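Step one of this worksheet: look at the structure below.
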Amino acid sequence: MSFLNHLINGMGLGSVYAIIALGYTMVYGIAKMLNFAHGDIIMVGAYVCFFATSTYGLPPLVGVLLAMLVCTVLGVVIERLAYKPLRQAPSLAVLITAIGMSYFLQNAAQLLWTPNPKIFPQFFATTNPDGTQQTAIPLFDGALNLKYTTIVNVAACVIIMLALTWFTGKTKMGKAMRACSENKAAAQLMGIDVNATISLTFAIGSALAAIAGVLYLSSYQTLVPTTGSMPGIKAFTAAVFGGIGSIPGAFLGGILLGVIEILAGAYISTQLANAIVFAVLIVTLLVRPAGLLGKPVAEKV
Amino acid sequence: MKKTLKLSKTSKGNFATYGMVILAYAILQFLGSNAVREGGLLSPTLRGQLVPICAYVVMALSLNLTVGILGELSLGHAGFMSVGAFSGTIAAIALQNTIPAGGPRLLIAMVIGAAFATVAGILIGIPVLRLNGDYLAIVTLAFGEIIKSLITNLYVGKDANGLHFSFITNNMRLGEGGQMLLNGPMGINGINKISTFTAGFVLILIALFVIFNLVNSRSGRAIMALRDNRIAAESVGIPVTKYKMMAFVTSAALAGSAGALFALGQNSLISTKFDFNTSILVLVFVVLGGLGRMWGSIIAAAALTILPEALRQFSDYRMLVYAIVLILVMLATNNPTLKGFFAKLFRKPEEVETGKGGEGK
């Protein structure tokens with residue numbers, strides 16, 4: 001039963017990674033850049049939600065929406081100011097700019113909100129009649145504890161994945177997005193506004209990062225300006241694991257990464273959990289060099 | 001007689017780089033000498049920074065070999081530095097009684113650091129170099145994180161019987177007079193600082209010598225051919241794996257000796273010092289200095305190590321300013337108008353400042 005418990009917890013954590021990875025993968029698919037500042041947008045979203053709910057006493061849902069709004073604007077502004085002028089530049093230059101952006105966001109957060117850790121409120125809890133807070137549903141006489149956060153994470157992740165699949169597959173904007181990721185010049189000739197499409201991708205990715213930030217902090221309550229970097233790196237790993245540029249791949253990669261991390265921590269060694277996650281990634285990439293669901297690109301000779 | 005003295009353009013450039021390093025060393029040595037020290041030309045903070053600057057310069061040079069010459073993006077270079085730092089420091093502490101003199105002990109530490117990093121480079125290079133582009137980058141990142149985790153859980157102790165190792169939990173029973181060298185997450189404490197600026201300077205010269213000679217050899221040309229077009233190079237019979245490994249392992253070995261130099265200039269050492277951020281920091285030196293340009297890496301590494309110190313008067317804002325400077329420099333160096341302006345100014349065919357990215361094509 002404890003295995004099932006760990007598996008479910010892993011899926012909960014993995015769902016958060018998957019949501020971040022979806023943002024990563026979409027931005028990578030269209031802009032062909034590793035957006036290192038993505039992890040820090042998670043942190044900004046979490047801070048916005050924290051202040052909205054704790055300081056101003058707004059309901060959690062409003063807090064999340066506000067965080068999404070702020071992150072969307074932030075994502076689009078970053079793209080316009082820092083990445084758009086580098087569209088023609090070599091990819092390493094864009095990478096360094098993204099790293100600079102990541103430093104900038106972390107240090108700005110440190111100045112604005114001080115490095116002291118903030119304790120994120122517990123959103124997903126019910127109050128028992130005796131006043132204690134309950135955060136999980138005990139099943140089978142308490143042998144299995146189903147945490148509310150896990151349920152919300154998995155549900156949110158599945159909904160987002162389905163919505164994105166529908167969006168990129170069926171809507172006009174989504175098709176434009178896929179066209180741009182295939183060939184920007186050809187898309188432009190077909191009358192697609194490439195700049196607007198890229199902005200839209202950054203907007204969606206950043207909004208997802210805000211949701212992920214709130215969900216991540218609901219499980220790991222300590223919020224500091226560098227909170228975003230580790231989940232950012234993990235989600236990046238998840239996106240590559242599943243095949244970067246692929247939406248189902250990011251979903252699968254995220255879930256698997258979370259499950260492996262929790263199981264490795266529970267059964268092998270807590271200290272080595274991260275090392276095991278990365279080792280699994282390396283082995284996977286050796287067997288499938290384009291990730292689990294990535295399409296291998298044929299080389300032009 | 002005149003003919004033999006005529007140097008090629010590359011050799012001139014290389015000698016200029018050597019000259020620049022020697023000149024910088026001479027000036028800094030003079031400024032740091034006792035006669036001038038009273039004048040306060042070289043602040044104590046800057047003097048303390050000299051050894052780390054040398055270590056970072058060697059790191060940048062070695063990463064430039066991987067990123068600039070081999071053309072593969074590595075995000076885990078700090079891992080090799082870490083291997084070199086810990087193996088070198090443990091060797092230096094273990095040999096403290098056998099070889100009391102600092103200089104030879106530092107030399108042995110750097111050689112051992114380089115040796116261990118070479119082994120790590122070979123082990124990592126075999127799987128990593130089969131991949132391309134961003135996938136290669138993420139695997140190097142993964143290896144960097146794995147090295148960090150492994151060293152965090154490693155315990156090393158010394159007693160009369162020799163060295164003892166244990167992993168994850170510290171379950172060793174040290175004999176009489178035993179001493180813990182590496183204490184897992186607590187790292188190494190009480191390192192006796194034996195690194196000197198002169199040793200750092202010599203290491204920079206060695207690194208330059210190794211890299212220039214590799215780059216301007218037959219192997220170096222093969223490596224650059226792989227960078228420019230792997231398929232074409234392969235089709236004319238260049239063994240891909242061999243030359244990729246050559247560049248990657250050389251780069252790892254240099255990073256290992258830089259790690260030993262860095263560590264032996266510190267009081268204490270923990271494995272989290274060599275994390276992803278350190279790898280990125282070195283990558284920033286390389287990209288800002290110009291890919292494949294060794295003198296650029298030297299200047300960028302030295303300037304960007306001093307910059308946060310120089311910005312200390314802005315205290316809280318210094319890292320923010322650093323980030324903004326980084327973004328603005330990237331935007332400016334890639335601005336087509338500015339580039340055209342500089343190209344006109346210097347009357348040279350326009351060269352791409354940052355070269356080709358890590359994506360292969």
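Values quoted throughout were computed directly from the atomic coordinates according to the rules given, and no laboratory measurement underlies them. Keep in mind that this is a model prediction, so the values were computed, not measured. Ideal geometry is used to build each Cβ from the backbone, glycine not excepted, and the neighbour counts take in all protein chains shown.
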Over 22 Å between Cα atoms, which of A:Lys234/B:Lys148; A:Lys32/A:Lys184; A:Lys175/A:Lys295; A:Lys84/A:Lys234 qualify? A:Lys84/A:Lys234
Positive-pole candidate from B:Tyr322, B:Gly237, B:Ala114, dipole of chain B, charges at beta carbon: B:Gly237
For chain B, longest principal axis from Cα atoms; helix B:294-310 axis from its Cα atoms; angle between them, nearest 10 degrees, is 60 degrees
Given charges of +1 on the Cβ of Lys and Arg and -1 on the Cβ of Asp and Glu, with all other atoms neutral, how large is the dipole of the protein assembly as shown about its Cα centre, in debye to the nearest 20? 2240 debye
Hey, got the dipole for the stretch A:53-203? About the Cα centre, +1 on K and R Cβ, -1 on D and E Cβ, debye to the nearest 20? 580 debye
If one computes the Cα centroid of the stretch B:212-245 and of the stretch B:106-133, what distance in Å separates the two points? 19 Å
The FRET efficiency for A:Leu112 and B:Phe341, from their Cβ-Cβ distance with R0 = 25 Å and rounded to 0.05, is 0.10
Please give the calculated 222 nm ellipticity per residue for chain B, where each DSSP H segment of at least 4 residues contributes -39500 (n - 2.57) and the sum is spread over every residue; nearest 500 deg cm²/dmol? -21500 deg cm²/dmol
Need one word for the stretch A:200-258: rounded, prolate or oblate. Basis is the Cα gyration tensor (sqrt eigenvalues a ≥ b ≥ c); a/c below 1.5 gives rounded, then a/b vs b/c decides. oblate
Calculate, for A:Arg80 and B:Val111, the FRET efficiency according to 1/(1 + (r/R0)^6) with r their C-beta to C-beta distance and R0 41 Å; round to the nearest 0.05. 0.20
Normalised contact order of chain B, rounded percent, pairs of Cα under 8 Å and 6 or more residues apart: 30 percent
Across bins of 10 angstrom width beginning at 0, how are the C-alpha pair distances of the stretch B:217-317 distributed, in whole percent? 12, 31, 33, 16, 7, 1
So what is the calculated 222 nm ellipticity per residue for chain A, using -39500 (n - 2.57) for each DSSP H run with n of 4 or more, over all residues, to the nearest 500 deg cm²/dmol? -22500 deg cm²/dmol
For chain A, what's the relative contact order in percent, using C-alpha pairs closer than 8 Å and at least 6 residues apart? 37 percent
Isotropic mean projected area of the C-alpha convex hull, chain A (nm²): 17.8 nm²
I want to verify a result. In a Gaussian network model of chain A, Cα cutoff 10 Å, which of these has the top mean-square fluctuation: A:Phe124, A:Phe36, A:Phe104? A:Phe104
GNM on chain A, Cα springs under 10 Å; top mean-square fluctuation among A:Gly63, A:Gly23, A:Gly205 goes to A:Gly63
What are the extents of the Cα atoms of the protein assembly as shown along their three principal axes, in Å, largest first? 90, 74, 55
Pairing the Cα long axis of helix B:318-333 with the longest principal axis of chain B, what angle in degrees results, from 0 to 90 and rounded to the nearest 10? 30 degrees
Name the shape class, rounded, prolate or oblate, that the alpha-carbon gyration tensor gives for the stretch A:115-227, where a ≥ b ≥ c are the square roots of its eigenvalues, rounded holds for a/c under 1.5, and otherwise prolate holds if a/b is larger than b/c and oblate otherwise. prolate
Relative contact order of the stretch A:34-189: what whole-number percent is it, with Cα pairs under 8 angstrom and at least 6 residues apart? 17 percent
In what order do B:Arg293, A:Arg80 fall by count of nearby beta-carbon atoms within 10 Å, going from fewest to most? A:Arg80, B:Arg293
Springs between alpha-carbon pairs under 10 angstrom, Gaussian network model over chain A: which of A:Ser54, A:Ser218, A:Ser229 fluctuates most? A:Ser54
What list of whole percents do you get for P(r) of the stretch B:70-132, with Cα-Cα distances grouped in 5 Å bins up to the one holding the largest distance? 4, 18, 23, 18, 13, 10, 7, 5, 2, 0
Based only on other Cβ atoms within 10 Å, what is the fewest-to-most ordering of A:Asp40, B:Asp228? B:Asp228, A:Asp40
Kindly provide the pair-distance distribution of chain B built from C-alpha pairs, with 10 Å bins from 0 and whole-percent values in order of increasing distance. 5, 22, 31, 25, 12, 3, 1, 0
Label points 7 Å out from Cα along the Cβ direction at B:Asn192 and A:Ala125: separation in nm? 5.4 nm
Hey, how many Å between the Cα centroid of the stretch A:152-173 and the Cα centroid of the stretch A:43-108? 21 Å
Whether the stretch A:166-301 is rounded, prolate or oblate, judged on the alpha carbon gyration tensor where a/c under 1.5 counts as rounded: oblate
Treat each spin label as a single point 7 Å out from the Cα along the C-beta direction, and report the B:Ile99 to A:Asn183 distance in nm. 6.2 nm
Answer in debye to the nearest 20: the dipole magnitude of chain B about its Cα centre, from +1 Lys/Arg and -1 Asp/Glu charges placed on Cβ, is 1240 debye
Helix axis angle, A:38-50 relative to chain A longest principal axis, alpha carbon, degrees: 40 degrees
Calculated FRET efficiency, A:Val158 and B:Gln179, Cβ-Cβ r, R0 51 Å, to nearest 0.05? 0.40
